[in-house]
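The values are calculated or read from the model by the stated rules, or taken from the named source; none is laboratory data. The structure displayed is predicted, hence computed values, not measured ones. Because the Cβ atoms are built from the backbone with ideal geometry, glycine has one as well, and the counts that use them run over all protein chains shown.
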Amino acid sequence: MSNELFKAFDNGSLRLPASSTEFANLPWAKHPVFEGVELKHIVTAKDTAGQFSYHLVRIAPGRSIRNHIHETQSETHEVIAGSGICINEGVSIPYAPGVISILPAGVPHEVNADSDGLFLFAKFMPALC
């Protein structure tokens, strides 16, 4: 899989007027529920007083973020590398680099990685964690 763009994000940085965070220094965390899913928490609720959060997400080949609902958070996905399918409001949306998807609060959704895995930039409003 060609995931050089994902590598650029994984080694990127968040630059603010008063600070900078190097993503390479942030740990990958296993998702607490979905096996084969890892998160790198770029911006957390603590950083934004709960307004929003940003996360790099990598889903291993053939793995899935199974059907779930965020009752109070809207979510966006920006596909960086890999491929898969997102089920959003019962509709299958092909995921490939360059696709952006919006998942409204209270709507069931799932994300399934194809055989080459899937790499996303996920954003939550208000913050997930």
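Collect the residues in region 1-48 that are loosely packed, with under 14 Cβ neighbours inside 10 Å, in a loop (DSSP other than H, G, I, E, B) and touching a helix residue (DSSP H, G or I) at 6+ places or on another chain (Cβ under 7 Å), keeping them in residue-number order.
Asn11
Within region 49-71, work out how many residues are in a strand (DSSP E or B), closer than 20 Å to Ala8 by Cα and either of a type outside the set (Val, Ile, Thr) or in contact with an Asp or Glu (Cβ under 7 Å, 6 or more places away or on another chain) (or both). Can you show your working first?
First, pick out the residues of region 49-71 that are in a strand (DSSP E or B): 53-59, 64-68.
This time we only want the ones that are closer than 20 Å to Ala8 by Cα, so: 53-59.
Okay, now just the ones that are also either of a type outside the set (Val, Ile, Thr) or in contact with an Asp or Glu (Cβ under 7 Å, 6 or more places away or on another chain) (or both), so 53-56, 58.
Selection size over region 49-71: 5.
So is Phe124 under 30 Å from Ala49 (Cβ atoms), surrounded by 20 or more Cβ atoms within 10 Å (Cβ to Cβ) and touching a Lys or Arg at 6+ places or on another chain (Cβ under 7 Å) or not? Step through it out loud before you land on a result.
Details: under 30 Å from Ala49 (Cβ atoms): yes; surrounded by 20 or more Cβ atoms within 10 Å (Cβ to Cβ): yes; touching a Lys or Arg at 6+ places or on another chain (Cβ under 7 Å): no.
For Phe124, the condition - under 30 Å from Ala49 (Cβ atoms), surrounded by 20 or more Cβ atoms within 10 Å (Cβ to Cβ) and touching a Lys or Arg at 6+ places or on another chain (Cβ under 7 Å) - is not met.
If we scan region 73-92, do we find a residue that is within 30 Å of Arg15 (Cα to Cα), part of a loop (DSSP other than H, G, I, E, B) and hydrophobic (A, V, I, L, M, F, W, C)? If you could, list the steps in order and put the result at the bottom.
Of region 73-92, the ones within 30 Å of Arg15 (Cα to Cα) are 73-83.
Subset that is part of a loop (DSSP other than H, G, I, E, B): 73.
Subset that is hydrophobic (A, V, I, L, M, F, W, C): none.
Checking region 73-92: not a single residue is within 30 Å of Arg15 (Cα to Cα), part of a loop (DSSP other than H, G, I, E, B) and hydrophobic (A, V, I, L, M, F, W, C).
Take region 88-106 and flag every residue that is more than 14 Å from the chain's Cα centre (by Cα) and surrounded by 15 or more Cβ atoms within 10 Å (Cβ to Cβ). Before the answer, list the steps.
From region 88-106, those more than 14 Å from the chain's Cα centre (by Cα) are 88-94, 104-106; that's our starting set.
Once the filter is applied, which keeps residues that are more than 14 Å from the chain's Cα centre (by Cα) and surrounded by 15 or more Cβ atoms within 10 Å (Cβ to Cβ), region 88-106 yields Asn88, Ile93.
From the list Ser83, Ser74, Ser20, which residue is over 19 Å from Asn3 (Cβ atoms), modelled with pLDDT of 95 or more and of a type outside the set (A, V, I, L, M, F, W, C)? Even if it seems obvious, please write down each step before you answer.
Details: Ser83 fails: over 19 Å from Asn3 (Cβ atoms); Ser20 fails: modelled with pLDDT of 95 or more.
That would be Ser74, the only listed residue that is over 19 Å from Asn3 (Cβ atoms), modelled with pLDDT of 95 or more and of a type outside the set (A, V, I, L, M, F, W, C).
Residues in region 32-68 that are under 24 Å from Ala96 (Cβ atoms) and within 11 Å of the chain's Cα centre (by Cα): how many?
First pass over region 32-68, keeping only residues under 24 Å from Ala96 (Cβ atoms): 34-40, 42, 54-68.
Adding the requirement that they be within 11 Å of the chain's Cα centre (by Cα) leaves 37-40, 42, 54-59, 65.
Here the count works out to 12.
Would it be correct to say that Gly84 is buried (at least 19 other Cβ atoms within 10 Å of the Cβ), touching an Asp or Glu at 6+ places or on another chain (Cβ under 6 Å) and of a type in the set (Gly, Ala, Ser)? Walk me through it before giving the result.
Details: buried (at least 19 other Cβ atoms within 10 Å of the Cβ): yes; touching an Asp or Glu at 6+ places or on another chain (Cβ under 6 Å): yes; of a type in the set (Gly, Ala, Ser): yes.
When the stated conditions are applied, Gly84 passes them.
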